[in-house]
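**Student:** Have a look at the structure that comes next, please.
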Amino acid sequence: MSDLVEIRWHARGGQGAKTASALLAESAMSAGKFVQGFPEYGPERMGAPILAFNRIGDEPITIHSNVEEPDVVMVLDPTLIGPVDVTEGLKDNGILLVNTSQSPAEVKQKIGKDVKVATVDASAISLATIGRDIPNTPMMGALLKLVNILPFEKFLETVKEDLTRKFHGRMNIVEGNLMAMRRAYEEVQVG
């Protein structure tokens, strides 16, 4: 991948894609990277399809538009595959990362395209570690395993700081999210 990594998130409202893109951007910025992290949605409600985007690089980023040709596509809700062409614009050497219990081969067969697929059961991980089906933080852990954006331990440090501020006094939520990221980092499968 080039020095600039572009990521497109596909999710439904309430799954944390907006929060994840912001956390990823903040963590990368803390590590000295140039970043963008932003959502695209209108008046959608909980459960409606949304998009979020990240750009992370070593040089200033002068592009100011949605990510049209992503290096990585993150799919937080596998039911979006089919109704939405989640692989649209995916670069030839890009990665499709899907939250599912299915194998990469099963997902590849479902989408019917020859793309690099990685899977992780982020929903099951988040239920086990956080107590709720919010797959955003496990998906970030899996992403860091697949793409050399920043060192994983540095990423965990900055996310811990951000989550500690956000969930002040509720360290069980912070620790659950960190555990979820570690598990997804270890459990992601690539096909």
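The values are calculated or read from the model by the stated rules, or taken from the named source; none is laboratory data. Note that the coordinates shown come from a computational prediction; the quantities given were computed from them, not determined experimentally. Heads up, the Cβs are rebuilt from the backbone with ideal geometry, glycines too, and the neighbour counts pull from every protein chain shown. SASA here: full protein model, heavy atoms, side chains in, ligands and nucleic acids out. Shrake-Rupley method; radii C 1.70, N 1.55, O 1.52, S 1.80 Å.
**Student:** Among G82, G141, G13, whose mean-square fluctuation peaks in a Gaussian network model of the chain (Cα, cutoff 10 Å)?
**Tutor:** With Cα springs under 10 Å in the chain, the top fluctuation among G82, G141, G13 is at G82.
**Student:** With label points built 7 Å along Cα→Cβ from the Cα atoms of D3 and Q102, find their separation and express it in nm.
**Tutor:** Placing both labels 7 Å beyond Cα along the Cβ direction yields 3.8 nm.
**Student:** Continuing with the same structure: Considering only protein heavy atoms, what per residue accessible area in square angstrom results for the chain with a 1.4 angstrom probe?
**Tutor:** Values: 9130 Å² over 191 residues.
Result: 48 Å² per residue.
**Student:** What whole number of Å gives the distance from the Cα centroid of region 12-26 to the Cα centroid of region 107-127?
**Tutor:** Distance between centres, Cα-based: 19 Å.
**Student:** Have a look at G14, L97, P151 and report the one farthest towards the positive end of the charge dipole of the chain, computed about the Cα centre with Cβ charges (Lys/Arg +1, Asp/Glu -1).
**Tutor:** G14
**Student:** Could you grab the Rg to Rh ratio for the chain? Cα atoms only, Kirkwood for Rh.
**Tutor:** So for the chain, dividing Rg by the Kirkwood Rh gives 0.93.
**Student:** A further question follows. At 1.4 Å probe size, with the rest of the protein present, what percent of the exposed accessible area of the chain is carbon and sulfur atoms?
**Tutor:** The C+S portion of the solvent-accessible surface of the chain is 50 percent.
**Student:** Moving to a separate point now. Please list, ordered by chain and number, the residues whose modelled amide H lies under 5 Å from the amide H of I50; skip anything fewer than 5 residues away on the same chain.
**Tutor:** Sorted by chain and number, the residues that satisfy this are A11, R12, G13.
**Student:** Specify the inter-centroid distance of region 68-104 and region 155-191, based on alpha-carbon positions, in whole Å.
**Tutor:** Cα centres, region 68-104 to region 155-191: 23 Å.
**Student:** Sequence neighbours fewer than 8 away in the same chain don't count; with that in mind, list the aspartates and glutamates whose C-alpha is under 15 Å from K166.
**Tutor:** Filter leaves E26, E157, E175.
**Student:** Counting only C-alpha contacts under 8 Å and six or more residues apart, can you give the relative contact order of region 2-58 as a whole percent?
**Tutor:** Result for region 2-58 is 49 percent.
**Student:** Which translational diffusion coefficient, to the nearest whole µm²/s, is obtained for region 4-65 from the Stokes-Einstein equation, given a Kirkwood hydrodynamic radius over C-alpha pairs, 4 °C and 1.567 mPa s?
**Tutor:** In µm²/s, the coefficient is 109.
**Student:** Looking only at region 126-150, which residues have a backbone nitrogen under 13 Å from a spot 7 Å from the Cα of F167 in the C-beta direction?
**Tutor:** Within reach of a label on F167, which here means backbone N under 13 Å from a point 7 Å along Cα→Cβ, region 126-150 contributes 126-138.
**Student:** Could you check which residue among M29, M74, M140 shows the biggest mean-square fluctuation in a GNM of the chain with a 10 Å Cα cutoff?
**Tutor:** Of M29, M74, M140, the Gaussian network model singles out M29 as fluctuating most.
**Student:** For region 92-163, what class follows from the C-alpha gyration tensor (a ≥ b ≥ c being the square roots of its eigenvalues): rounded when a/c is under 1.5, otherwise prolate if a/b is larger than b/c, else oblate? The partial results should precede the final answer.
**Tutor:** Details: a/c = 3.55, a/b = 1.42, b/c = 2.49.
Verdict is oblate for region 92-163.
**Student:** For a 21 Å ceiling on Cα separation, which of these pairs sit above it: K116/K145; K113/K145; K91/K116?
**Tutor:** Values: K116/K145 14 Å; K113/K145 23 Å; K91/K116 10 Å.
Over 21 Å apart, Cα to Cα: K113/K145.
**Student:** Taking the Cα-to-Cβ direction at D85 and at E153 and moving 7 Å from each Cα, how far apart do the two end points lie in nm?
**Tutor:** Placing both labels 7 Å beyond Cα along the Cβ direction yields 4.4 nm.
**Student:** Count neighbours as other Cβ atoms within 10 Å of each site's Cβ, and list the GluC sites (Glu not before Pro) in region 68-143 that are DSSP loop with at most 16 such neighbours.
**Tutor:** E68, E88
**Student:** While we're looking at this one, here's another question. Residue by residue through region 72-82, what is 3J(HN,Hα) from phi via Karplus (6.51 cos²θ - 1.76 cosθ + 1.60, θ = phi - 60°)? Round to whole Hz and write x for glycine and proline.
**Tutor:** My calculation for region 72-82 gives 9, 10, 9, 10, 7, 10, x, 6, 6, 5, x Hz in order.
**Student:** Of the DSSP beta bridges with both residues in region 36-169, give the percent that are antiparallel, rounding to the nearest 5.
**Tutor:** Counting only bridges with both partners in region 36-169, antiparallel ones make up about 35 percent.
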